Structures are given as structure tokens and as C-alpha cells.
Amino acid sequence: MAGSAMMRDRRFMRRRVFMTLLLSYLLILLFPGLVFAAVYNRIEGVMVDNANKLNQALIQQAQQIVDSKLEEMYQLSRNITSHPDMKALLSMDGITNGKENYAFYNFMEEIQRYKNNNSFVRELYIYFRNSDIVLTPGLKTSAHLFYSRLYAYNGMTYEQWKDQILNAPHYNSFLPVEPIGRPNDKTEMLTYVHSLPSGERRAPEGALVMLIDKRQIHTWLEEITRSNQGTIYIKNAEGQVLLHTGSGESLMTMQEGNPSTISVSAHSARSGWEYVSAVPDEVFWGKVGTVKSWALSVLFIYLVGGIGACAFLTYRAYQPVREIIRLISEKKQPSPSAYGNEYEFIKTAVKDAFVQKDAINDRLKEQVPVIRSHFLQRLLKGHVDAQAVSDHSLEFMEIGFRHAYFGVALIKLCGMGAEEQEKTERVWAIMRFLTGKLVEDHPLYCFHCVELDKDLVAVVLNVSEKDHHQKASLYEWLGNIQELISGQFETGVIVALSDLHPGMEQVPVCMDESMKALDYSIFTENRSVLVYDDMKHRSGLVYDFPVDTEVQIIHAVKNGETEKVEQLIGNLYRSNLEMEHKEPELARLLFANLLSTLLKLLNALNLKYEDLFEPGLKPLEVINKADSVEDMYAFVLSLFQQVCEQVRKKRVNNASAVVDKAKAYLEQNADDAMLSLAAVAEHFHITPQYLSGLFKKSSGMNMSDYLAQIRIRKAKELMNDPDITISQIARLVGYNNDVGFIRVFKKHEGITPGKYKTLVENK
């Protein structure tokens, strides 16, 4: 399609420089030919040739006009069928909630925007089979109401409309012109149908229908028919007449091959349409005189040789320009036909390329601060894979992490006075901005600031080494920053500093430590900088078991992710119990909390404790009697591992049960011609994709192949009856006709059912 448009553009451009060169040579050629003009104008052959060329040019002109409009329509079709929301809308059932209605409304606005750019399409609508909804740029209604009130076809019932147009598979199909519209206000229109999703040939989930006013095409063709007093009609690839100009009698006369008419045609490679022009014999020939044959011969030889030489010389002169045009067009530059000549096109294309490059670079530079801020926020939350971040990416975001050790400092801005409360959001924004600027104005270290909350600014630190001198220097620097900010805003400022850790992947750990140090601020007064290293040994019997971690453990167990559970529990163990001064009671409290989480999981998963673990096992007693923390950890971890294993087994059993039910359903309903993957999935209230994956994994074959085997087996049983024909057998085993049955039978058995039946009867 793109290649066809590019070729049309090249031909159009040739009419500029190429034709100028060619005309220059032809002027020289035609000067001697003027001697033969008087004789040549009377030659019958030349007049016939001119008439043929005229008709051919006219029909090609009609083809180019219609094809260009069809290309716009195809582009509109591609925009709609490839829309990201199309799949979700097709899958919706008939009952829609507010969210789904909102999705339809957004989609209506999208197709309205598409349609506004295309004046060729009179109306378009999209049919969603699952929900039986018709959607237009300005309307959402049921299919029955849409057909009966708005766009009904003459001689076609509602059921025929759905079966032949909406539910039948179509791929860029066109239907002949028919009166369409309200009962008392119908317009002759051409129908375009495309099944959804695009490319679906068996069971479409919907259809895109566009209606083209017949008068649109007639307007373009009337000038042609008026000039040659003939008839133009358009056929599709199947030979069906889609529309025609002129009277119906002219069309019938032409189709019957009447010798009093002469026809020329042009075929569109893009749409597959054939454009045929039928001209009455008396108009075609006109007033043709007779002249001497020797004059025609002399003039013909002279013109053919001269035109050939002119074309050859023009081609050689035009070749470099054509090559440049081809190279530019392949890069999807603006259409060449929009410019006066090739040289103007080349100049504009080169200029636009430089302008676009500069614009892209400028826009990227404008977005760098936003991109950097989002990256740092995700890095602090642990949502960035540090191993996958390249130096090039950091350089693009203007982030310089040149050293090995990382830390995080949090700057919390305390509440403002009562007189500032009315402009809180504005003042908070100014305070956050100025805080970052004050930090940047004192660049003692490599760092990057990012706003986290209304009153919280984070500083990601990057230092070369971790020692006492470095920590003291950081402490002093942050203290100075705190004094500057406090003096600037005349309000309280709390600064919390994490420990230093090697590697960018440790930044989330630094963030967590800094948050813990910041939380400790409620126990301190007049403390300049809160350092996590000073707080971490003061917890006593307090252990860290965040709610988020418990939620992650529950989610991982429900999914049977043993490795994820081991990782989460291991992190809890290491963060709480691998400290220098660990307390045994702290370990018992932590593992008792984990056991509580495990019991809640058993209840949520409908699992019985006695079915999973050995009788008489009392987990709390095992923990209290354990000789070491490592024993407690291993015991609790083994309990979680057993639950994960049971969850995985339960999933496998459920999947096998679904496949067995699906096989039984296929066995019982194999004679149903409408039986399909979607129908079976709907019966069991699951998605077709999920059912297909389960069936393939469990049976080793697709559901369609399994259904074909059942039908072939039943067909073989029926072939023992000599009175039943192949067509009857095909319908009895679930095929609409014997063609599909013969194809499937031969694919699986290697012979046709007729030969197989003959062999059975001979035996």
C-alpha cells in the first residue's frame, strides 16, 4: 500500500522535470513533422489510436481518483482496527458498567477524530458481537435499533444483515451499491466491511462498516462519461458490479458484449477493482476520413523513431534526479506531489530533516529534568534494576554516579505559621524548589535532589569511600545545609542521613535507613542531623516487619512462588537477626509473627493444617525449644515451602480438571457446527487464551485438532452404513458442508472419505 502510494508520487513528479526535458526534445522532433500534419490528421488509424488513448486515459484517471480516496479509507480502517482499546471493547459482554461505558465514549471520540479527516466516508460504524452493540462517532446503540431506525438495506432483513455483513468474515470487502438509510430517507451507498479483529477469518468478534455515498464517485466520473457519451462501471475481484454510471440499458448492452460498443478497462492492483468504460461505436469512431496509407507509414516510422530517441535521451538526463527522489521517498518524507517540481521537493525535504532533528533534540532537553526526577523516585523505591542501567542512560538523564558508595539524605520541612496556611500548596512548592537550589549551590559532593512529598526532599549521595572522616564530613555538610534552609524559610528543618553502601542497587536500602532515622525524630529535640548509624543499635526488642513485606509474602505464597518467599523471609532474617547485638527473644517474636501470617494464609487458601503437616506438630513449641536462631529460620521456612508446594499441586489438579471437562464437552457436542474454542471457553466461563494454553499443555495438541479427531472417529463409525452419503456424514459430525470435512479427513487420514468409505464397503 505504501509502495503503491510512493509509485504514484514518483509518476506525478515525473510530469515536472521529466516532462520538461521530454517536451524540449519533442519540440525539436515535431518541427519537421508539421509537414505531415495535414495528411496525418486525416488518417483513420491515428484517429482510432487517439480515441483509444483518450478512453484509456479517462478510465485510468477514474481509477486514480477512486483509488486515492480508497487509500484514505483504508488508512482510516487501519487506524480504527489497530486502536489499542479495540481488543478490550470486543471482549466486553452485553452488560456494561460505568467504566466500560466510559471506554466506549472515549473510543467514540477517537473514531470521530479519525472520521473528521476523511470526507470520502459518508458514515461508519463498528459492531461488537459479544455485546451486540453498534458504535458510531456520535452514537452507541443496539444492533437491532441501529438497523431498524437508521441504516436498513432494501430487500435485506435484520437477520440477513447480521449474518451476511456483521458476522460473516470479511477482509476489505465491498458490497454493491444499495439504497440504505431510514425507511423514508434512503441514499444509494457503497458498503465496505472489515471483520474484527483484523485478519480474523473464522469467528469474527465484530465488524467495521463504512458507507460511501454513490454520488461521491459519480461526481468524479460524470465528466468522463459526459465527454465520451459512454458508461463507466466498476467491478470487484469476483466480477461483481459494485456501481455504474449512465443508464441501466447501457450497462446491460455492454455486459452482453454488443458489437456496437467498444470497451477499455484498467485494473487496480491495490483494491483489485476493474474499471471498465463502454463507449458507443458511433462516438468512438467519430468522423474519421481516409487518407493514403503511405503517408501513415512514413509519419508513423518518423514519430516512433523520434519519440524513442527523445525518451532515451530524456531518461538518461533524468536518471540522477529520479534516484535522489527515490531515496528521499523511502524515508517517508512528505508526498512529492505536493511540490512544484523535483528540485523543490529535494530542497524542502533536506531542510525539513534538519528542522525536525533540531526540534527533537530541543524537546528531549526540555524533558530531561522530568525524566531524571521520575528515575530517581523509582530508584529510591527499589523499582529500578540497577544492573540494567547503562552509563549512556545516566548520561542522557544528566546523572553522574562516578563513585562506588551511595547514601540518602532526607530533608523534612516542618509546618509553616498560621498566616501561610491559606497558600499552602504554593508555598510548599516554592520551599521544595528553593531547598533543592540551596543544596545545589553548595556542591561539596556528587549528589542529585528529588522531591518525594509535599514536605520531603531526598538527596541521593555518591561518595568515593566509606570511613569515619567521610561520615563526619557529610554530617558537617548536611548541618550547614540545614542551617541555610532554616534561615531561609524561618521554619524547622529535619535532616536524616543513611549509612553508606556500595553499589547503586543499595540505594533503596539507604532510603529505608534514612526513613527509619527520620522516624526517630519524634524522640529527639534540637538534633541537627539524624544518622541511621547512631539509631540502629537502640531498637531493643523491636523488630522490623513492614506491612508491605507481609503482603508480598502472602501474594507469593498464593502464587506458589517458593523462591520469592525464601527471598522475602531471608531478607527479614538478615535485617533483624544478623546484627551485632541480636536478642533471642527478638527472633522468637519475629518467627511467631511469621507463623501468624502462615495460619492466615491457610485459612485464605482453604487448606487444612493437619493435611499439610505431620500430626501433633506444634510450631510455637518448636520455636521456643530451638537451640539456635538458624534452626528457627530453617523450620519456619520449611513450613512456608510446604504450603507453596501444595498451592502449585492444587493449581495443576484444577487445570487437569478443566481440560477433562473440556474434552467431555467436545465429545458430547462434536456434531455442533458452531462449536469452537470461544464457545467452549464461554461455556466454562474462562477466556479462550487461557483454555487454549491449558489444553495444549495438558494434551499436547490444539483443541481444534482434538475436535477433528473426534469427528473423524465418529465419521468412520457412520461409514459402516452404506446408505449414508459423505455429505450426510459431514453434517452429522459437525461440518456445514462436505468440502471442509473432506479437507480435514484427508489431512489426518491421508485419503479422502470417499475412498475410505469404498474400502470399508469392499471389506
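Residue 189 satisfies every condition listed in (1) in contact with a Pro (Cβ under 7 Å, 6 or more places away or on another chain); (2) at pLDDT 85 or above; (3) of a type outside the set (Phe, Trp, Tyr) except (1).
Of all residues in region 750-763, count the ones that are modelled with pLDDT of 85 or more and either of a type in the set (D, E, K, R) or not assigned by TED's automatic domain parsing to the domain that holds residue 674 (or both). Total satisfying the criteria: 1.
Considering only residues in region 466-475 that are surrounded by 13 or more Cβ atoms within 10 Å (Cβ to Cβ) and of a type outside the set (Phe, Trp, Tyr), the one that is nearest to residue 405 (Cα to Cα) turns out to be 466. Sub-6 Å Cβ pairs linking a first residue in region 537-553 that is assigned by TED's automatic domain parsing to the domain that holds residue 588 and under 13 Å from residue 576 (Cα atoms) to a second residue that is at pLDDT 75 or above and part of a loop (DSSP other than H, G, I, E, B), at least 6 apart or interchain, number zero. Among the residues making up region 483-498, those that are out of contact with any Phe, Trp or Tyr (no Cβ under 8 Å at 6 or more places or on another chain) and buried (at least 20 other Cβ atoms within 10 Å of the Cβ) are 485, 493, 494, 495.
Need the failing condition index for residue 130 against (1) without any contact (Cβ under 8 Å) to a residue 12 or more places away in the chain; (2) surrounded by 13 or more Cβ atoms within 10 Å (Cβ to Cβ); (3) polar (S, T, N, Q), just the number. Condition not satisfied by residue 130: (1).
Here is a yes/no grid of residues against (1) under 29 Å from residue 691 (Cβ atoms); (2) crowded, with 16+ Cβ neighbours inside 10 Å; (3) at pLDDT 70 or above:
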{"site": "590", "(1), (2), (3)": "no, yes, yes"}
{"site": "595", "(1), (2), (3)": "no, yes, yes"}
{"site": "602", "(1), (2), (3)": "no, yes, yes"}
{"site": "606", "(1), (2), (3)": "yes, no, yes"}
{"site": "615", "(1), (2), (3)": "no, no, no"}
{"site": "632", "(1), (2), (3)": "no, yes, yes"}
{"site": "657", "(1), (2), (3)": "yes, no, yes"}
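If only residues of region 302-348 that are under 23 Å from residue 68 (Cα atoms) and among the small types (Gly, Ala, Ser) are counted, the one that is modelled with the highest pLDDT is 329.
Take the conditions (1) at pLDDT 80 or above; (2) surrounded by fewer than 12 Cβ atoms within 10 Å (Cβ to Cβ); residue 67 misses just one of them, which is (2).
Of the residues 89, 145, which single one is of a type in the set (A, V, I, L, M) and either buried (at least 17 other Cβ atoms within 10 Å of the Cβ) or in contact with a strand residue (DSSP E or B) (Cβ under 6 Å, 6 or more places away or on another chain) (or both)? Lay out the reasoning, then the answer.
Working: 145 fails: either buried (at least 17 other Cβ atoms within 10 Å of the Cβ) or in contact with a strand residue (DSSP E or B) (Cβ under 6 Å, 6 or more places away or on another chain) (or both).
Exactly one of 89, 145 is of a type in the set (A, V, I, L, M) and either buried (at least 17 other Cβ atoms within 10 Å of the Cβ) or in contact with a strand residue (DSSP E or B) (Cβ under 6 Å, 6 or more places away or on another chain) (or both), namely 89.
The values are calculated or read from the model by the stated rules, or taken from the named source; none is laboratory data. These numbers were taken from a predicted model, which means no experiment stands behind them. Glycine gets a Cβ as well: all are built from the backbone with ideal geometry, and neighbour counts include every protein chain shown.
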